[in-house]
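These notes are about the structure you will find just below.
A short reminder: the numbers here are calculations on the coordinates, not readings from a lab. What you see is a predicted model, and the numbers here were worked out from it, not measured in a lab. No Cβ is skipped: glycine too gets one built from the backbone with ideal geometry, and neighbour counts run over all protein chains shown.
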Amino acid sequence: MKIAILSRKASLHSTRRLREAAEARGHEVRVVDYLRCYMNITSRRPIVMYQGEELKDFDAIIPRIGASATFYGTAVVRQFEMMGVFSVNESVAITRSRDKLRCLQLLARRGVGLPVTGFAHASTDVQELMSKVGGPPVVIKLLEGTQGIGVVLAESAGAAESVIEAFMGLKADILVQEYISETAGSDIRALVIGNRVVAAMERVGAQGEFRSNLHRGGTGKAVTITPAERSAAVRAARAMGLNVAGIDLLRAKQGPLVIEVNSSPGLEGIEQVTGTDIAGKMIEFIERNCRPGKTRTRGKG
């Protein structure tokens, strides 16, 4: 098969691993910087151009779209879909997962466990908003944040009000969530491919840090997850319509709670920790499912 990896840099670890895995299985692979693509949008013959060349005859694409380039990146993915190219994750599914509010609403509609979450537009509603999520401490999240950026733990009502008012003053949209104290700065990253969890690791935040992201100094270890956690991860991915997803879970007293759905999960940390060839499993998924014109949006919303 001829596969395009949509990525800003060929040297990025996840991009390199996917290329190696595909080439090891005999496929032709090309890394394409999606921000350098431009498109001819017509009803009869949609085209993607890259460095003066028409990109054609690809069987599949693997989108590795950065959060800051979601709008343009998903437009490129959508153009390939119009051309009948199979995408590991479709454009609509990526867009759903990147909008944190929409993501949580879709998960809630499917009955997936979530931390109690509040969303408001006016700063005058801050006090009532906090009471609805159980009062301080609360976790405040920017809707546009990623990798732990824009996530704040406010331990008192005064601190929460200050942070919320500051974000609102900058016209930033935020979520306010209950703080699950029993997790103690740890979470589970479950990697879903197709309809099953292929690897899972527990992430623990650095000393004094409640965020567990590996990019912020957290550490990871392989973990065996429960059937309930496995089910929550798969259901979360299905709700978004994602074939490949990194699902972040909290082990709360009331059961597993989903806190984030990642449509372009990093492979480096979880492959090293679990010893699982996730890149190879992604290529196997393409081999099993790639068909010309097989681009359909799963899920609703």
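Results, tabulated for the structure shown:
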| item | result |
| --- | --- |
| Helix 278-289 axis, angle to the chain major axis (alpha carbon atoms, nearest 10°) | 60 |
| Whole-angstrom Cα spans of region 8-85 along principal axes, big to small | 37, 30, 21 |
| Within straight-line cross-link reach of residue 132, aspartates and glutamates at Cα separation under 14 Å, skipping those fewer than 8 residues along the same chain | 178 |
| Filter on 141/171; 2/221; 100/281; 2/281 - keep pairs with C-alpha separation over 24 Å | 2/221; 100/281 |
| Per-residue Cβ neighbour rank within 10 angstrom, fewest leading, 37, 290 | 290, 37 |
| Vicinal HN-Hα couplings computed from phi for region 35-47 (Karplus, 6.51 cos²θ - 1.76 cosθ + 1.60; Hz; Gly/Pro x) | 6, 9, 7, 9, 10, 10, 9, 10, 7, 9, 8, x, 9 |
| Binned Cα-Cα distances of the chain, short to long, each 20 Å bin given as a whole percent | 33, 55, 12 |
| Net charge, residue 258 excluded, C-beta distance under 11 Å - Lys, Arg +1, Asp, Glu -1 | -2 |
| Label point at residue 109 placed 7 Å out along Cα→Cβ; residues across region 156-176 whose backbone nitrogen lies under 19 Å | none |
| Point-to-point label distance, residue 287-residue 171, nm (Cα→Cβ direction, 7 Å offset) | 5.1 |
| Modelled FRET efficiency - R0 41 Å, residue 24 with residue 155, Cβ distances, 0.05 increments | 0.25 |
| DSSP-assigned coil residues among trypsin sites (Lys or Arg not before Pro) in region 252-288, each with at most 15 further Cβ atoms within 10 Å | 253 |
| The chain: relative contact order as a whole-number percent, Cα under 8 Å and 6+ apart | 19 |
| Whole-number percent relative contact order across region 182-287, with pairs defined as alpha carbons under 8 Å at least 6 apart | 29 |
| The chain: most fluctuating residue of 52, 84, 135 per GNM, C-alpha cutoff 10 Å | 52 |
| Contour excess over end-to-end distance, with Cα ends at residue 196 and residue 252 and 0.36 nm allotted per residue | 18.0 nm |
| All Cα pairs of region 182-287, percent lying beyond 23 Å | 21 |
| Gaussian network model of the chain, springs between alpha carbon atoms under 10 Å - residue of 170, 101, 12 with greatest fluctuation | 170 |
